[in-house]
């Protein structure tokens, strides 16, 4: 025999309501730039994922062993007549990363390529100077 249970329609209505994440219009979090840095015998190869960024909005600087990448996504505010944006979860803004390599980079031979949202940097290692032994007179 089944026991008698009391049915409350509000229990079913609120069941799981507070478990689901609720978004109250917070701005989307700024994405991070995903990097892959590989070392070869004579150079470093860096791949940075920058989807939705134009080539003109990427800036790379190299100072010795420190590499800095800055990218900016710009927003198009094109709203057609009779249309309104109800929700936009796309991020617009600036993303930057800096990292230090084990050896200095030869800036004169460094190259950068941007294809399909991936920035590729080829950073040749600067030739290490050998310590000189001085002759004492």
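Note on residue 87 and residue 45: the extension gain reaches 11.3 nm, defined as 0.36 nm multiplied by sequence separation minus the Cα-Cα distance.
Among 35, 134, the ranking by other beta carbons within 10 Å of each residue's beta carbon, starting with the fewest, stands as 134, 35. Under the simplified labelling scheme, the residue 37-residue 107 pair shows an inter-label distance of 1.8 nm, with each label point 7 Å from Cα along Cα→Cβ.
Going from the residue with the fewest nearby Cβ atoms within 10 Å to the one with the most, 68, 111 rank 111, 68.
Read-outs throughout are calculated quantities, based only on the coordinates presented, and are distinct from any laboratory measurement. In this text, all values refer to a predicted model and were calculated from it rather than measured experimentally. A quick note on method: Cβ atoms are made from the backbone with ideal geometry, for glycine too, and the neighbour counts reach across all protein chains shown.
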